[in-house]
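The values are calculated or read from the model by the stated rules, or taken from the named source; none is laboratory data. Quick caveat, the model's predicted, so the values are computed rather than measured. Reconstructed Cβ throughout: ideal geometry from the backbone, glycine too, with neighbour counts over all protein chains shown. To get the accessible areas, we keep the full protein, side chains included, count just its heavy atoms, and leave off ligands, DNA and RNA. Shrake-Rupley method; radii C 1.70, N 1.55, O 1.52, S 1.80 Å.
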Amino acid sequence: MDKDMNKDIRLSEFNPISECVVKKTMIKKPKYPVIDIHAHMGTLVLGQNYSALYDTSEYVQKLKELGVSHIVNLDGAFGQDLVRMKQKTKGFDGFISTFVWIDVSKMEDKDFDAWVIKHLHQAKQLGVKGIKMWKDISLAMKDTSGKYIAIDDERLDVVYETAGELDLPILMHIADPVAFFKPVDENNERFEELIANPSWSFCEPKYYTFDQLLKMQDHILKKFPNTKFILAHFGSYAENLAYVASRLDTYPNMYVDIAARVAELGRVPYSARKFFIKYADRILFGTDDTPLCLDEYLIYYRFLETADEYFPYCKEGQIPRQGRWNIYGIHLPDEVLKKIYYQNAEQLLGISIYDI
């Protein structure tokens, strides 16, 4: 017997290599043009100042080499940060659309409604295509009473109403993976990820529960039927396709993006393929990538286009970050690929990639 047979290793060191011999399709470019509805170019707000760490023209060139025809930069922010971001993207209006933020810290000011209306009207005049609402609103930010701000707080109604009036879609990140709201123990499938990033765990009484956040999400969709909502990360619940389907059936103003959720979707390929075909008009391509990390695109293309089996959702050789499983391709029909890659986004943004 090998002298090391009884040797224990840390879970963080365990990185088994699959012995399955399966087809490996190498895709360097997508079959059709791509609009990434969920990209981040950085901002000075919240300390995210990586916008100074890259050159916009080089970033755009790299995206083009990956088959991307247009991106939505969700880091438009507001005020002077919006001005700086517009300067950062100057000259690339045909390739980069920008979504702005709402300064929720002003929510209790008596002139908040007026500020929102002015901010969004000016943003649209600047060519802004939509609004980004962050999970921080409900999971980090508090009002003066010390309570976490609910994303469906009626004081935010002016945002949702004005967005509908201006036909500005709102991309909302409301909840994180459901495992982030459960105890970080031996039963949690994201155990390693949460141990490495303890601030990502929301399994404490002080936070809204996962179910409470989903109810807030429902409330907003129902209350503002004339506003288009893109619910980030596959409608907040990529682990439960039946639930997301029920919400899409209920709310015609709801769309979902696939950003940072291929790991979940790719492990249920039969259900995922049926879902993508049935709801092809409501799904948007997105990665959640930044100019400093463009590793996801080729994996997304392989997931959507091929029937490859049991392949990693991260770079070959890396220990999976989100959970210890592999994924499968869902080999979507061409007419579905076109909708998800670019046609649905064109409709929501009011653009045509063949005209820009």
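State which residue is modelled with the lowest pLDDT when the search covers only region 287-336 and only residues that are of a type in the set (A, V, I, L, M), under 23 Å from Gln61 (Cα atoms) and part of a loop (DSSP other than H, G, I, E, B).
Leu292
Can you report the number of residues in region 61-95 which are of a type in the set (A, V, I, L, M) and under 23 Å from Leu337 (Cβ atoms)?
Adding up the residues that qualify gives 5.
Would it be correct to say that Val68 is in contact with a Phe, Trp or Tyr (Cβ under 8 Å, 6 or more places away or on another chain), at pLDDT 95 or above, within 29 Å of Thr306 (Cβ to Cβ) and of a type outside the set (S, T, N, Q)?
yes
Restricting attention to region 187-204, which residues are among the polar types (S, T, N, Q) and in a helix (DSSP H, G or I)?
Across region 187-204, the qualifying residue is only Ser199.
Where the second residue is not in a helix (DSSP H, G or I) and the first is among the acidic types (Asp, Glu) and lies in region 82-105, which pairs have Cβ atoms under 9 Å and are six or more apart or on separate chains?
Asp93/Gly127; Asp93/Ile356; Asp103/Ala77; Asp103/Phe78
Being open to solvent by less than 40 Å² (accessible area, probe 1.4 Å) and within 21 Å of Ile35 (Cα to Cα) narrows it down to one of Leu265, Leu241, so name that one.
Residue meeting the stated conditions: Leu265.
Taking the criterion of being outside any strand (DSSP E or B), closer than 21 Å to Tyr300 by Cβ, at pLDDT 95 or above and of a type in the set (D, E, K, R), would at least one residue in region 205-225 satisfy it?
No, region 205-225 contains no residue that is outside any strand (DSSP E or B), closer than 21 Å to Tyr300 by Cβ, at pLDDT 95 or above and of a type in the set (D, E, K, R).
Return the residues of region 159-183 that are of a type in the set (Val, Ile, Thr) and touching a residue at least 60 places away in the same chain (Cβ under 8 Å); say none if nothing qualifies.
Result: Ile170, Ile174, Val178.
Identify the residue in region 32-46 that is of a type in the set (A, V, I, L, M) and modelled with pLDDT of 95 or more and, among all such residues, is farthest from Trp101 (Cα to Cα).
Looking at the filtered set, the residue picked out is Val34.
Among (1) touching a Gly at 6+ places or on another chain (Cβ under 9 Å); (2) part of a helix (DSSP H, G or I); (3) closer than 21 Å to Glu239 by Cα; (4) open to solvent by less than 50 Å² (accessible area, probe 1.4 Å), there is one condition Ala163 misses while meeting the rest; what is its number?
The single condition Ala163 does not satisfy is (3).
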